[in-house]
Amino acid sequence: MTTTTVEAVNLGKRFKDTAALDGFDLSARSGTVLGLLGPNGAGKTTTVRILTTLLRFDTGSATVAGFDVARDARQVRRRIGLTGQQTAVDEVLTARQNLVLFGRLFRLTKARARERADRLLDQFGLQDAADRQAKGFSGGMKRRLDLAASMILAPQVLFLDEPTTGLDPAGRREVWDAVSGLAADGTTVVLTTHYLDEADRLCDRIAVIDHGRNLVDDTPSGLKRRMGADRLEIVAADPADLPALHAIVAAVADGETVTDEAASSVSAPVKESVAALTAAATSVRDQDLTVADIGLRRPTLDEAFLELIGTDTKEERR
Amino acid sequence: MTALAPLPDETFAGRVKWTLHDYRTIVGQEFTHLWRQPVNFLWQLGFPIVMVLLFVYVFGSAMDVTGQGAGVDYVAYAMPGLFAMTMAFGFMNTAWAVAEAKEKGFVDRVRSMPMASSAVVVGRNIADTLHAAIDLLVLFLIALAIGWRSEGTFWETLGAFVLLLWLRFALIWVGVWIGLLVKNVEQAGSLFALAFPFGMVSSVFTPPELMPGWLGAIAAWNPVSATATAIRELFGNPVAAGNSWPEQHALMAALIWPVVITAIFLPLAVRRFRNLGR
Ligand SMILES: Nc1ncnc2c1ncn2[C@@H]1O[C@H](COP(=O)(O)OP(=O)(O)OP(=O)(O)O)[C@@H](O)[C@H]1O
Ligand SMILES: [Mg+2]
């Protein structure tokens, strides 16, 4: 089944003199996780606020779960969950009271709300702090409580604005597990993040936004592929060997071979990466050279991202 | 995790039922706040109590409001004024609470949920009115302790109590509107500069007659004065009313003013809430 659950076309939103969104398109298929990436001020939060009916927009159209965000806000609200960029829990209440309160506002019965609260407290590792006031929670604990609150109803579409900012590694893992679990059960997730490893791990597709416009919409591996081939890199143990290593790498290279004197390394893009690595390693041994390191470097999402944002900024300057 | 079915379609009767349910939930939340932070509650009462002590024991001895000499019957005059003033200043608590809920993102979360959108505003009002009733009871007890008495019948006394809440109820809309209007809690906090003259340029502590003409006119027409004068009549406390229409018809004015305030500020508050998404 490949229906589209979130669809935004040509969204435009101005705040006085800044165009937060400038013809932005977005679409997410049912049951997938869509990552929204972009530098600060790119328009991610604005997009999330529009899709969750919190903010009106100037141009374009958006549907969520088959309902028009502008005209059928009520229907949309019945099908979404939201964790905003800013933590939104009632700090006077305890963790449990918060979850029961939101459960009640989602129209669960008292018993059902308590049961849900209990499960979520467990799932997000808050059981020990369950009956303490949220005021005394650490930032990460508040964040987890906030996330739990948006998952009370296992919504059809879940929006998470920087869900793991400020969480420790264990907390991030809990969030990732919860998000993957919801997605596996059919929830469509739209999340914004600044962590590329998170996007790489969680998202089926990544949309990159900058200055309120689409830069790219692709799968994580597709994004990396755009960065081109793997690179073979040899780090010399003795800088005097660099010319010899240059020759070895050049022999298997599929492009320009670069010597980096400062790092004492030689690298080049390669096509058949494993064969190239084996061939180069054999040559190093045959010539009795000692090297500090030899290996394949795969482009990371960070590089893909920086490259994308970099070109965009350059275009801007022109 | 168990996926829950989306909410079933609602009929009109169902919507009414759920709306009431939402009001109750929000009111319940407010009362949990009260329960959890009794100290806050006492702080909010602190100001009127300090005012009582100041006016009754510090300035009161020099004030001749009844024309029978300085200090005579001042407690009987000032107490009802103080009740009215506490109700008048209460809107700041509302504004502060609303501004905080907005700043902390709580309002946004609630707006993205399928609950009745009026629940935040109406629930706030119900909770604050109930809160005010408790405030008033505590103040009554303090007043009784320092020698104030109601000379009115039980029903007149109760009527005065209701009139006070009536004023508070109307001003809550002002508080909600301002709370949604201000950028942050700090701004809501600085409202005191606005509220103070509104509370004080009135017949709360001094008869308007004793003020310069123009100021006296403002004080006489102040909604807080209308309520203060009306409850003085009901309590059988000294009135010291002038000749202006609201002073002569205090009871009527005390009934009408809150209607006027509600008629203006309820739509403003609701509209402001709806327009939060701009
Ligand atoms: N309420 C507002 N009033 C005025 N300008 C705003 C408002 N909200 C957002 N903006 C502007 O819109 C642009 C996009 O903001 P947005 O919050 O969507 O960025 P973001 O991608 O979420 O950034 P971040 O990564 O920092 O969270 C920014 O230039 C911002 O200054
Ligand atoms: Mg943001």
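Taken together, the values in this text are just the output of simple stated rules run on the coordinates, not laboratory data. These figures come from a predicted structure and were not determined experimentally. All Cβ positions, even for glycine, are placed from backbone atoms using ideal geometry, and neighbour counts span all protein chains on display.
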Handout entry: Relative contact order for region A:4-224, counting Cα pairs under 8 Å that sit 6 or more residues apart, in percent
Key = 29
Exercise for the section: Equivalent ellipsoid semi-axes for the protein assembly as shown, as square roots of 5 times the alpha carbon gyration tensor eigenvalues: give them largest first, rounded to whole Å. Expected result: 66, 25, 22
Fill in the blank from the handout: Straight-line reach check, A:LYS110, cutoff 19 Å on alpha carbons, 8 or more apart in-chain or any other chain, hits among aspartates and glutamates -> A:ASP90, A:ASP118, A:ASP122, A:ASP131, B:ASP22, B:GLU30
Problem - Distance from region A:161-221 to region A:27-69 (C-alpha centre basis), Å - result: 14
Completion exercise
Which of A:LEU51, A:LEU36, A:LEU167 fluctuates most in a GNM of chain A (C-alpha springs under 10 Å)? That residue is A:LEU167
Problem - Diffusion coefficient, µm² s⁻¹, Stokes-Einstein with Kirkwood Rh over alpha-carbon pairs of chain B at 20 °C and 1.002 mPa s - result: 107
Exercise for the section: Report the one residue of A:ALA130, A:ILE206, A:ASN40 whose Cα lies farthest in the direction of the positive end of the charge dipole of the protein assembly as shown (charges on C-beta: Lys and Arg +1, Asp and Glu -1; origin at the Cα centre). Expected result: A:ALA130
Completion exercise
Two pseudo-spin positions, 7 Å from Cα along C-beta at B:ASN243 and at A:THR165, lie apart in nanometres by 6.6
Practice task
Give me the angle, in degrees from 0 to 90, between the Cα long axis of helix B:119-145 and the longest principal axis of the Cα atoms of chain B, rounded to the nearest 10.
Solution key: 30
Exercise for the section: Determine the relative contact order of region A:192-293: mean sequence separation of Cα pairs under 8 Å and six or more apart, normalised by residue count, in whole percent. Expected result: 24
Completion exercise
Within chain A, the percent of DSSP beta bridges that are antiparallel, given to the nearest 5, stands at 70
Problem - Net charge of Cβ neighbours under 13 Å - reference A:SER138; Lys, Arg +1; Asp, Glu -1 - result: +1
Completion exercise
From the cross-link list A:LYS44/B:LYS102; A:LYS44/B:LYS17; A:LYS135/B:LYS102; A:LYS13/B:LYS102, the entries with a Cα-Cα span beyond 28 Å are A:LYS44/B:LYS17
Handout entry: Net charge dipole size for the protein assembly as shown [Lys, Arg +1 and Asp, Glu -1 on Cβ; Debye, nearest 20]
Key = 2180
Fill in the blank from the handout: Listed by chain and number, the lysines with an alpha carbon less than 22 angstrom from that of A:LYS271, same-chain partners under 8 positions apart left out, are A:LYS224
Exercise for the section: Rank B:ILE178, B:ILE261, B:ILE142 by mean-square fluctuation in a GNM of chain B with C-alpha springs under 10 angstrom and give only the top-ranked residue. Expected result: B:ILE142
Handout entry: Charge context of B:PHE83, other residues only, Cβ under 13 angstrom, K/R +1, D/E -1
Key = +1
Problem - Angstrom value of the Kirkwood radius, inverse mean 1/r, which spans all Cα pairs in region A:229-298 - result: 11.5
Handout entry: Mean Cα-pair separation over length for chain B, i.e. relative contact order, pairs under 8 Å, 6 or more apart, %
Key = 24
Exercise for the section: Identify which of A:ASP241, A:ASP68, A:ASP168 has the largest mean-square fluctuation in a Gaussian network model of chain A, with springs joining Cα atoms closer than 10 Å. Expected result: A:ASP241
Problem - Test item: Cα-centred dipole of region B:167-278, Lys/Arg +1 and Asp/Glu -1 on Cβ, debye - result: 640
